[in-house]
1. Might you check whether a residue that is modelled with pLDDT under 95, of a type outside the set (A, V, I, L, M) and in contact with a Leu (Cβ under 7 Å, 6 or more places away or on another chain) occurs anywhere in the stretch 117-130?
2. Answer with yes or no whether CYS94 is within 21 Å of ASN53 (Cα to Cα), out of contact with any Pro (no Cβ under 8 Å at 6 or more places or on another chain) and modelled with pLDDT of 95 or more.
3. Name every residue in the stretch 71-91 that is hydrophobic (A, V, I, L, M, F, W, C) and closer than 16 Å to ASP55 by Cα, in order of residue number.
4. Among the residues of the stretch 147-165, is any among the basic types (Lys, Arg), modelled with pLDDT of 90 or more, closer than 17 Å to SER70 by Cα and more than 14 Å from the chain's Cα centre (by Cα)?
5. Out of the stretch 132-149, which residues are within 15 Å of CYS94 (Cβ to Cβ) and out of contact with any helix residue (DSSP H, G or I) (no Cβ under 6 Å at 6 or more places or on another chain)?
6. Would you point out the residue of the stretch 110-136, among those that are among the hydrophobic types (A, V, I, L, M, F, W, C) and farther than 16 Å from LEU57 by Cα, that is surrounded by the fewest Cβ atoms within 10 Å (Cβ to Cβ)?
7. Out of TYR116, TYR120, TYR69, report the one residue that is under 13 Å from the mean Cα position of the chain (by Cα) and among the aromatic types (Phe, Trp, Tyr).
8. Kindly evaluate ASP78 against the criterion of being surrounded by fewer than 19 Cβ atoms within 10 Å (Cβ to Cβ) and within 13 Å of the chain's Cα centre (by Cα).
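The values are calculated or read from the model by the stated rules, or taken from the named source; none is laboratory data. These figures come from a predicted structure and were not determined experimentally. Virtual Cβ from ideal backbone geometry, glycine too; neighbours counted across all protein chains shown.
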Amino acid sequence: MTITLSGLFKKFIFNKGEILIYSSSDWSFSSVDAREITDIEYNLSHAKERLKNGDKLFIVTENDELAHYSWVKFDEMDITEASKKIKLKEGEACIYDCYTNKKFRGQGLYPSMLKYLKGYFKEKGFNKVYIYVEANNIPSIKGIEKAGFIKERSIKYLAIFGVLI
């Protein structure tokens, strides 16, 4: 892996970005075969701590291979890139840290999981579900919008020498 001077400059000296926050109270369902994980069957980094904190993990497998996972929080949106924490109200959830295995990308799994989660939380009595994404992550934005989420706001940030301005 080659690291360029401009890459180092952007990452450590001058980092400018934008976080888009989407929400949905449209409770459309998806037929994706996802399941909630309550133990540490899939040893993902930080899984044990996240589950202890009340976060939930949802996964999709194909022939015992992990195809996708999504985490959900209920207390706050912890947007580390912008060093911002947004408190969630009662009846709200935030989807975060989603990953689709490269082998399963391009098959609509991500938006299907997001639709599934909307339906799941509607059944649990929730009012709104959020998800946030970096503004330059076009594939994730397409999946989020395909799942029926609406852009609610954006947070712009600037970091110089790792310090947010």
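1. Among the residues of the stretch 117-130, not one is modelled with pLDDT under 95, of a type outside the set (A, V, I, L, M) and in contact with a Leu (Cβ under 7 Å, 6 or more places away or on another chain), which makes the answer no.
2. When the stated conditions are applied, CYS94 passes them.
3. TRP71, VAL72, PHE74, MET77, ILE79, ILE86, LEU88
4. Checking the stretch 147-165: not a single residue is among the basic types (Lys, Arg), modelled with pLDDT of 90 or more, closer than 17 Å to SER70 by Cα and more than 14 Å from the chain's Cα centre (by Cα).
5. Residues satisfying the conditions are TYR132, SER140, ILE144, PHE149.
6. Residue satisfying both the conditions and the ranking: ALA135.
7. None of the other options fit; the residue is TYR69.
8. It is true that ASP78 is surrounded by fewer than 19 Cβ atoms within 10 Å (Cβ to Cβ) and within 13 Å of the chain's Cα centre (by Cα).
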